[in-house]
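Undergrad: The structure is given below, and queries will be raised subsequently.
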Amino acid sequence: MVIDRMPKNLRWRGFTLIELLVVMAIVATLLSLVAPRYFSSLDKAKEAVLRQDLVIMRSAIDQFYSDTGKYPIDLEELVDKHYLRRVPIDPFTESNQTWIVMPPKNETESGVYDVHSGYTGQAEDGTYYEEW
């Protein structure tokens, strides 16, 4: 004769397959609602960083021109002359080598007149990042 010393309520405490499937379906539904908002907020944050980086670099270019009367040869000259601590990393390309530098409109001058992102994607407002 076998004596069962476990109480009946502790003997079967696992979950059934149906219960696990229901829980997984609920979790999947919640993730499908949350994930798009998460990725959208990541893109908005990258756009904000890109806008700020462009403002900072353009301000440094203008300050360099105001101080020296000429435009910097490249973005690294802004770092060398302490107008920038470092060339910012483009948040979309994740590189500081992809900035598109624009020469001055006056053909007698050379150097970096303006800077744009090297990323070819489209922002949420419909504009292209390379046009900012």
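Undergrad: Counting just the residues of region 95-127 that are among the small types (Gly, Ala, Ser) and in a loop (DSSP other than H, G, I, E, B), which one comes out surrounded by the fewest Cβ atoms within 10 Å (Cβ to Cβ)?
TA: Among them, the one singled out is Gly126.
Undergrad: Scan Ser66, Ser32, Ser41 and give me the residue that is modelled with pLDDT of 95 or more, exposed (fewer than 11 other Cβ atoms within 10 Å of the Cβ) and not in a strand (DSSP E or B).
TA: Among Ser66, Ser32, Ser41, only Ser66 is modelled with pLDDT of 95 or more, exposed (fewer than 11 other Cβ atoms within 10 Å of the Cβ) and not in a strand (DSSP E or B).
Undergrad: Looking only at region 84-93, decide whether some residue is hydrophobic (A, V, I, L, M, F, W, C), outside any loop (DSSP other than H, G, I, E, B), at negative phi and without any contact (Cβ under 8 Å) to a residue 60 or more places away in the chain.
TA: No.
Undergrad: Test of understanding: among Glu19, Glu77, Glu47, which residue is modelled with pLDDT of 90 or more and under 30 Å from Glu124 (Cα atoms)?
TA: Glu47
Undergrad: Quick one: in region 87-130, which of the residues that are of a type in the set (Asp, Glu) and more than 13 Å from the chain's Cα centre (by Cα) is nearest to Arg58 (Cα to Cα)?
TA: Across region 87-130, the extreme among qualifying residues is Asp114.
Undergrad: Just checking, does region 81-94 include any residue being within 21 Å of Glu130 (Cα to Cα), surrounded by 13 or more Cβ atoms within 10 Å (Cβ to Cβ) and touching a strand residue (DSSP E or B) at 6+ places or on another chain (Cβ under 6 Å)?
TA: So far as region 81-94 goes, no, none of its residues is within 21 Å of Glu130 (Cα to Cα), surrounded by 13 or more Cβ atoms within 10 Å (Cβ to Cβ) and touching a strand residue (DSSP E or B) at 6+ places or on another chain (Cβ under 6 Å).
The values are calculated or read from the model by the stated rules, or taken from the named source; none is laboratory data. Values in this document were obtained by computation on a predicted structure and should not be read as measured data. Don't worry about glycine lacking a Cβ; one is built from the backbone with ideal geometry, like all the others, and counts go over all protein chains shown.
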